[in-house]
Amino acid sequence: MKAFFTDEQLLHDPQQFMRLGRICKPTDLPSRAHALRDALALRGIALAEPRDCGRAPLEAVHSADYLDYLETAYALWRELEVPGVEPGIEVLPNLSPYYNGAPGVARAPCPSPSLVARTGYYISDLSCPLGPHTWRSILRSAHTAVAAADAVLESGDAAYALCRPSGHHAHRDRAGGFCYINNSAIAAQRLWERHGRMAVFDVDAHHGDGTQNIFYARGDVLTVSTHADPSGYYPFYTGYAHERGVGAGEGFNLNLPLAHGADNAVFLQAVDQGAAALREFAPKALVLALGFDSYKDDPISVLKLDLDAYRHIGERVGALKLPTVIVQEGGYMVEAIGPALDNFLRGFQAAR
Ligand SMILES: [Zn+2]
């Protein structure tokens, strides 16, 4: 199996994460990528460097004004001159706009040119600081997804994108939940351009709200997400079973929220349900948004999966026999995510 990653994805090194009114050490550490890289090496899977293909593949799912903001905000932040206040070490919002756009509907660019206004408009929470190297890292993480998608287009089989930073909480024009650029959506859109009928299956512990929103009004991309009940867990505002899509997308979004504390059996039942929906839709190819924060000892987990669960998830997804781009999403227990990926790939490859 081909797999992709570049060391430039390690450059993003967030320093601040505001949680429950406290500035904490962020959980999206560069060491996560090292752990996943080591697990691939043990399986004999070499990592190839993605080609730098610029902004074009990102613009297929993100708005140009949002990408302009992400690309330039840090430099502008350093130049900010506000009497009596020195800007912090990273760009973070100090306001939340009172409108965020309807699901599936593109927002207009931020009406104010102010950097403070745009930061509130484009960054939805306090887990997404922009540091000196964030843009380069997130751009290259997206290129990793593009390279995996291109490999799948060429081989018709499967490829793994070691995306870090992750992407599934990133909306068309909004960062959130450690995510800035939606790598899974970019891979899906790239495959869609060839195949015209795509699905994204998100098995991270969190609802893939950004991916849902990007494809919410489309009937040619099915989005399925299994995740912990969002009524008490990020992203809180979306991820409910009644969200089925709008317009041409009506009926092409499926959310499978699970009670907190759900174990292997409950989670795998939801994976089976998602797989049945995928079979019925019959996509030409699949993007799997793969997260390991459902592991019982993950620092932000509310689910109770053990490491064996990932082998079974791999078997079920592999058995769909679809050309598949596996895109890495969350998973924050550095000691566990390597074995989790190894187990997933073991199951996935055995079922092909
Ligand atoms: Zn997650």
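Does Gly291 satisfy the criteria of being touching a residue at least 12 places away in the same chain (Cβ under 8 Å) and away from the ligand (no atom under 14 Å from the Cβ)? Can you show your working first?
Values: touching a residue at least 12 places away in the same chain (Cβ under 8 Å): yes; away from the ligand (no atom under 14 Å from the Cβ): no.
Against the criterion (touching a residue at least 12 places away in the same chain (Cβ under 8 Å) and away from the ligand (no atom under 14 Å from the Cβ)), Gly291 does not qualify.
Output the strands (runs of 3 or more DSSP E) that fall wholly within the range 214-303 and possess 3 or more residues being open to solvent by less than 10 Å² (accessible area, probe 1.4 Å) and assigned by TED's automatic domain parsing to the domain that holds Arg197, or say none.
Working: elements: 221-228, 253-258, 285-290.
Those strands (runs of 3 or more DSSP E) span 221-228, 285-290.
I'd like to check something: does the range 44-60 contain any residue that is on the phi < 0 side of the Ramachandran plot, at pLDDT 95 or above and assigned to a strand (DSSP E or B)?
Within the range 44-60, one or more residues are on the phi < 0 side of the Ramachandran plot, at pLDDT 95 or above and assigned to a strand (DSSP E or B).
Take the residues in the range 314-347 that are under 20 Å from Thr211 (Cβ atoms) and part of a helix (DSSP H, G or I), then tell me which one is most open to solvent (accessible area, probe 1.4 Å). I'd like the intermediate steps shown before the answer.
Taking the range 314-347 as the starting set, the residues that turn out to be under 20 Å from Thr211 (Cβ atoms) are 316-317, 320, 322-332, 344.
Restricting the remaining residues to those that are part of a helix (DSSP H, G or I) gives 316-317, 344.
Working: Arg316: 70, Val317: 1, Phe344: 0 Å².
Here the answer is Arg316.
Do the conditions hold for Ala275, that is, is it of a type in the set (Gly, Ala, Ser) and within 16 Å of the ligand (Cβ to nearest atom)?
On the way: of a type in the set (Gly, Ala, Ser): yes; within 16 Å of the ligand (Cβ to nearest atom): no.
No; evaluated as a whole, the condition is false for this residue.
Can you tell me which residues in the range 103-150 are surrounded by fewer than 17 Cβ atoms within 10 Å (Cβ to Cβ), closer than 14 Å to Trp77 by Cβ and without any contact (Cβ under 8 Å) to a residue 40 or more places away in the chain?
Within the range 103-150, Ser114, Val116, Ala117 meet the criteria.
Given the criterion within 19 Å of the chain's Cα centre (by Cα), under 17 Å from Ile138 (Cα atoms) and either among the aliphatic types (A, V, I, L, M) or open to solvent by 50 Å² or more (accessible area, probe 1.4 Å) (or both), identify the matching residue among Leu36, Leu67. Even if it seems obvious, please write down each step before you answer.
Details: Leu36 fails: under 17 Å from Ile138 (Cα atoms).
Testing whether each residue is within 19 Å of the chain's Cα centre (by Cα), under 17 Å from Ile138 (Cα atoms) and either among the aliphatic types (A, V, I, L, M) or open to solvent by 50 Å² or more (accessible area, probe 1.4 Å) (or both) leaves just Leu67.
The values are calculated or read from the model by the stated rules, or taken from the named source; none is laboratory data. Source: prediction; values computed, not measured. Cβ atoms come from the backbone with ideal geometry, glycine included; neighbour counts cover every protein chain shown. Quick note on the areas: whole protein, heavy atoms, side chains included, nothing else; ligands and nucleic acids left out. Shrake-Rupley method; radii C 1.70, N 1.55, O 1.52, S 1.80 Å.
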